[in-house]
Structures are given as structure tokens and as C-alpha cells.
Amino acid sequence: MIAKICDYLDANAAPYCKKKAIDIDAFKNYVAGMRTLKTWGTEIEIIAAASLLKSSIYVFTDHGKKKWVEYKPCKPNGVLLDKSQCSPKGVFMVASSNHFQPVLRVGKMYAFFE
């Protein structure tokens, strides 16, 4: 999946360059680095994955206040997709110890939304 995400980022670099506040060459180097095994992803890769899947990705974080953060899918130009263009299902992950892990079951610990 990371190869597809990196391909997507290479093909649609402009809005992500703006988000990271770097020029296109620096962004291309960043994406090349992401293709290396054991390289940690950021919210940039989560947004790209949401866009590829046309589905929101929800990340539970307990850094400070426990909460769910929603990353919505975007068009290649960075504009959010209309709900009618998206899957009604979402992907759920938890951010723990600087890693993202899939949430297989939402239990008592993760069962609240704001």
C-alpha cells in the first residue's frame, strides 16, 4: 500500500507541497524517502491513503486529550471529495508509541466521538 500512496503523492504533489510548506523538489525527495522500508508515515500519507481509498480514515490519539481525528479524502487538487463520492465505510487506526495500528474492534477504550 505504501508504494501506491507514494505513487499518488508523486502524481499529485502540489497540494501536499503546500501543506508541508516545501518546494516540489524537496517534496519529491521526501516521497522517495517514504519508499524506504521502516520509514514512519505522517498525516500526509494518511490523507493520501484516504484519498486513494475514497474513505475517511479515523485515528484515535491519546496524546493529551483522547480523541478521534478524521482525515477526509481529497481530489488530486486538494479539494475535499463530496460525501456522495466517498465510501460510507471508514478505516480506523490508533496512534500509539509513534506508530499507527489498525483498530479491529471499537471497544470501551475507543468508543467515544466528539
| query | Placing +1 at every Lys and Arg Cβ and -1 at every Asp and Glu Cβ, with all other atoms neutral, what dipole size does the chain have around its Cα centre, in debye to the nearest 20? | reply | 320 debye
| request: Hand me the trypsin sites (Lys or Arg not before Pro) from the range 7-114 located in a DSSP loop with no more than 12 other Cβ atoms within 10 Å, in residue order please. | output: 38, 54, 65, 66, 89, 105
| task | Rounded to the nearest Å, what's the spacing between the alpha carbon centres of the range 1-23 and the range 43-70? Just the number, please. | result | 16 Å
| note | per DSSP, antiparallel bridges as share of beta bridges in the range 2-110, % nearest 5, sits at 65 percent
| Which helices pass in the chain if a helix is a full DSSP H run, must span at least 18 angstrom along its long axis by Cα, and must have mean Kyte-Doolittle hydropathy not below 0.5? | none
| Residue-wise, which Karplus ³J(HN,Hα) couplings in Hz belong to the range 61-73, taking 6.51 cos²θ - 1.76 cosθ + 1.60, θ = phi - 60°, and x for glycine or proline? | 10, 10, 6, x, 8, 5, 6, 9, 10, 9, 10, 8, x
| Summing -39500 (n - 2.57) over the DSSP H runs of n ≥ 4 in the chain and dividing by its residue number, what mean residue ellipticity at 222 nm do you reach, to the nearest 500 deg cm²/dmol? | -10500 deg cm²/dmol
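Computed from the coordinates by the stated procedures, all read-outs in this text should not be read as laboratory data. Worth saying up front: this structure is predicted, and the values here are computed from it rather than measured. Cβ atoms come from the backbone with ideal geometry, glycine included; neighbour counts cover every protein chain shown.
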